[in-house]
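In what follows, a single structure is set out as structure tokens and then discussed.
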Amino acid sequence: MPPTAPDPEPPARASSDGRARLPRYAAALGLVTLATSIGALGRGHLSEPDLVLLYLLVVVIAAARFGRGPSLLAATLAVLAFDFFFIPPYFTFLVTEKRYVLTFAIMLVVSLLTSGLSLRVRTEERRSSLLSALSHDLRTPLAAITGAATTLRDESAAIDSGQQRELLDTICEEADRLERLVRNLLDMTRLESGALAVKRQWMPLEEIVGSALTRLESQLDGRPVRTDLPADLPLVSADAVLLEQVFVNLLENAAKYTPPGSPLEIVARADAGGRAITIEVCDRGPGIAPGDESRLFEKFFRGRLTTPGATSAGLGLAICRGVISAHGGTIAAANRPGGGAVFRMTLPIVGTPPPAPSESSL
């Protein structure tokens, strides 16, 4: 299928990222509301310092769980709620005693400082986790490559042709694994810098899926892989290289975090109007821990239900979300009935597909 002119790329990434952040801000608002309710119920029993500490606790929780933006929102709302509900005159933002102005200022500064310290600890935790995962992911293929190459170089080693082929296959496989890790790091850098350009072409989905399966042939060896891609699926306007990387990341994760020999499935369906395609990558592994469904797509986050010994830098799924968002689509994770996980992507059909070639032109 010859490539056609690229369609205009929809500005979907920003809106998708915004939607992903909304629950965190809502949770920060909920924490302040909860603290205010506790203060109202304990009115007469809680002193002003008690209320200040209660609101500071809320800010710390927001910083540790939801990040900088929600923690700043919690700090601001905490000061406003404290003034409105607990400082006379009540239910107004008027302040009759000047000492309360100093209280508000100190409360806001301490909240912001506490928030900053909590965030710094959380950054450091992620950095330590990333370095640990990367050191393992880099060391493993390098050690395998070095060991195989050293054996091949050793002239005193009695190696037959079959063993030589196995060692060469090991070098190639581990080099591919190392290349995928480096590619993920580079892709994440491009995503965060906004330099990821989507070069759209009209492509059959089965070609993209087939290419990803070919790249992972050795890793998926011994696993039944079922593909259900109807012949009448519409073409997708996508960057074939980037979309292939999404399938590679999802399938590689499935191979890494599910029992050896367990089945994998790739299923795609077009919606009734033919304006979007829903794609599912399914496994029969341990599934997803409750509460991890959306966090799996965060950078450096690793799910709690994993196969023993499996490690990851926590970048693959974050890259999947970035690529799918850049295509104007969505991706989500859920548990399957009967066990396992399903990663569900929806890709819009952007533009008008080219006409199929007529028989006379063949």
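Among the residues of the stretch 269-302, which ones are small (Gly, Ala, Ser), closer than 22 Å to residue 339 by Cα and open to solvent by 70 Å² or more (accessible area, probe 1.4 Å)?
294 - this is the single residue of the stretch 269-302 that is small (Gly, Ala, Ser), closer than 22 Å to residue 339 by Cα and open to solvent by 70 Å² or more (accessible area, probe 1.4 Å).
Hey, residue 265 hits all of (1) closer than 21 Å to residue 173 by Cα; (2) touching a strand residue (DSSP E or B) at 6+ places or on another chain (Cβ under 6 Å) but one; which does it fall short on?
(1)
Determine which single condition residue 184 fails, assuming it passes every other condition in (1) modelled with pLDDT of 90 or more; (2) polar (S, T, N, Q); (3) buried (at least 18 other Cβ atoms within 10 Å of the Cβ).
Result: residue 184 fails condition (1) only.
Looking at the stretch 149-168, can you tell me whether even one residue there is acidic (Asp, Glu) and at pLDDT below 80?
To start, the set of residues in the stretch 149-168 that are acidic (Asp, Glu) comprises 154-155, 160, 166.
From the residues that got through so far, the ones that are at pLDDT below 80 too are 155.
Yes: one or more hits.
Within the stretch 2-20, identify whether any single residue is in contact with a helix residue (DSSP H, G or I) (Cβ under 8 Å, 6 or more places away or on another chain), open to solvent by 20 Å² or more (accessible area, probe 1.4 Å) and modelled with pLDDT of 75 or more, and answer yes or no.
Taking every residue of the stretch 2-20 in turn, none turns out to be in contact with a helix residue (DSSP H, G or I) (Cβ under 8 Å, 6 or more places away or on another chain), open to solvent by 20 Å² or more (accessible area, probe 1.4 Å) and modelled with pLDDT of 75 or more.
With a cut-off of at least 1 residues that are within 20 Å of the chain's Cα centre (by Cα) and hydroxyl-bearing (Ser, Thr, Tyr), name the helices (runs of 4 or more DSSP H) lying wholly within the stretch 149-260.
Numbers: elements: 161-193, 205-215, 240-257.
Counting at least 1 such residues, we get 161-193, 240-257.
Inside the stretch 219-235, can you point out the residues that are over 20 Å from residue 263 (Cβ atoms) and of a type in the set (Ser, Thr, Tyr)?
Those that are over 20 Å from residue 263 (Cβ atoms) and of a type in the set (Ser, Thr, Tyr): none in the stretch 219-235.
State the number of residues belonging to the stretch 40-90 that are closer than 16 Å to residue 118 by Cα, open to solvent by 50 Å² or more (accessible area, probe 1.4 Å) and assigned to a loop (DSSP other than H, G, I, E, B).
Selection size over the stretch 40-90: 0.
Out of (1) free of Cβ contacts under 8 Å to residues at least 40 places away in the same chain; (2) of a type in the set (A, V, I, L, M, F, W, C); (3) surrounded by 16 or more Cβ atoms within 10 Å (Cβ to Cβ), what's the single condition that is false for residue 246?
Result: residue 246 fails condition (1) only.
The values are calculated or read from the model by the stated rules, or taken from the named source; none is laboratory data. Only a predicted model underlies this, so the values are computations on that prediction, with no experimental measurement involved. Methodologically, a virtual Cβ is constructed for each residue, glycine included, from the backbone with ideal geometry; neighbour enumeration extends over all protein chains shown. The area values use the complete protein model at the heavy-atom level, side chains included, leaving out ligands, DNA and RNA. Shrake-Rupley method; radii C 1.70, N 1.55, O 1.52, S 1.80 Å.
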